[in-house]
Amino acid sequence: MLRSVLTGLLLSVAPLALAQDNAPAQPQPSSRPGVALPPDFDFSRFRRENQELPDLPPVSGSQTGDVSGTSEFTWLRGRYENYPGGRGRRGGWWDTDFPDAEQNLMRGVQRYTFIDAQTYNTRWIDLTDPELFEHIFLYMTMKRIPIGGMSSGPDFAPDEVDALREFALRGGFVMLDDFWGEAHYQDFLIEMAKIFPDRELVKLDLEHEIFSIFYDIEQVAQVPGRAVTWDYGSVTLDDPRYPPSVHAILDDDGRAMVVANFNSDMGDGWEHTFHEYYPTSMSNEAYRLGINYLIYAYTH
């Protein structure tokens, strides 16, 4: 029911502008359909307004009950079984950037859309938890560390494969994030072949409606991880060795059931919104595409 209500509502509403000097914002022209990004969209002010963030309440998981709040939308992060410590504990690669990334994104969703979201309404869930099917949107990180290793990171068990396939085919939307380079890409292909062995993985071009459903995305950005941004790793900003792209698995009607951000780390773009050294332009790109994904999920 929520999806049908949002279909008419969200696509008719322009994003709210962060006005500067009390001047009304004029949207940038676009040759493609969709809502244009206001020229003063800048999370630097968003940062200043949130310098003193309140203490976050405890984050609930799938075994400990729902988080508090009355919003209709809950951001779910998938927890796969293959991580140090086993079920019932945190500490694996599934929880990279959790919960700061999604809670910051929810602040942006509140500010720029009419989606009924609350900042703290975020949680993790085991992929085999039956409650998964009461939701629409699922987020997961995809990298294995070490690269090619099978002891940590996504190595979906048969029951997790079955749950993810059923979730997607029932109308769910899965967003995969934060994997880099050819070795990680091969790991990603292995996991996708488990879930949908008979479906093609397609690379989405910018003409796909997911890039214009709310904000007009002119290019797929290489949103950096924190270590990348601060030169702790071997990748630099806009490194040509790691061209960013978005890949998808479609259902029989052409709906994107799974999207994957390759050579990009949307989670860090959200998590480091308030860090003075993280480039604002990259946080902007992560928010724009993340909000587009969310609205696409709720209207398709």
Q. In the set D205, D187, which member is more than 19 Å from the chain's Cα centre (by Cα) and either more than 24 Å from D100 (Cα to Cα) or open to solvent by 30 Å² or more (accessible area, probe 1.4 Å) (or both)?
A. D187
Q.
Going by what's in this entry, would G148 be described as assigned to a loop (DSSP other than H, G, I, E, B), at pLDDT 95 or above, out of contact with any Phe, Trp or Tyr (no Cβ under 7 Å at 6 or more places or on another chain) and surrounded by fewer than 17 Cβ atoms within 10 Å (Cβ to Cβ)?
A. no
Q) Of all the residues that make up the stretch 169-180, how many are in contact with a Phe, Trp or Tyr (Cβ under 8 Å, 6 or more places away or on another chain) and open to solvent by less than 10 Å² (accessible area, probe 1.4 Å)? A) 7
Q: Within the stretch 190-200, work out how many residues are modelled with pLDDT of 95 or more and open to solvent by 50 Å² or more (accessible area, probe 1.4 Å).
A: 6
Q: Using the structure shown, decide if S234 is surrounded by fewer than 21 Cβ atoms within 10 Å (Cβ to Cβ), of a type in the set (S, T, N, Q) and at pLDDT below 95.
A: yes
Q: Pick out, from the stretch 218-300, the helices (runs of 4 or more DSSP H) lying fully within it that include 2 or more residues that are out of contact with any strand residue (DSSP E or B) (no Cβ under 7 Å at 6 or more places or on another chain), of a type in the set (G, A, S) and in contact (Cβ under 8 Å) with a residue 24 or more places away in the chain.
A: 280-299
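The values are calculated or read from the model by the stated rules, or taken from the named source; none is laboratory data. Keep in mind that what you see is a predicted model, and the values were worked out from it rather than measured. Please note: Cβ atoms are built from the backbone with ideal geometry, for glycine as well, and neighbour counts cover all protein chains shown. For accessibility, only protein heavy atoms count, side chains too; no ligands or nucleic acids. Shrake-Rupley method; radii C 1.70, N 1.55, O 1.52, S 1.80 Å.
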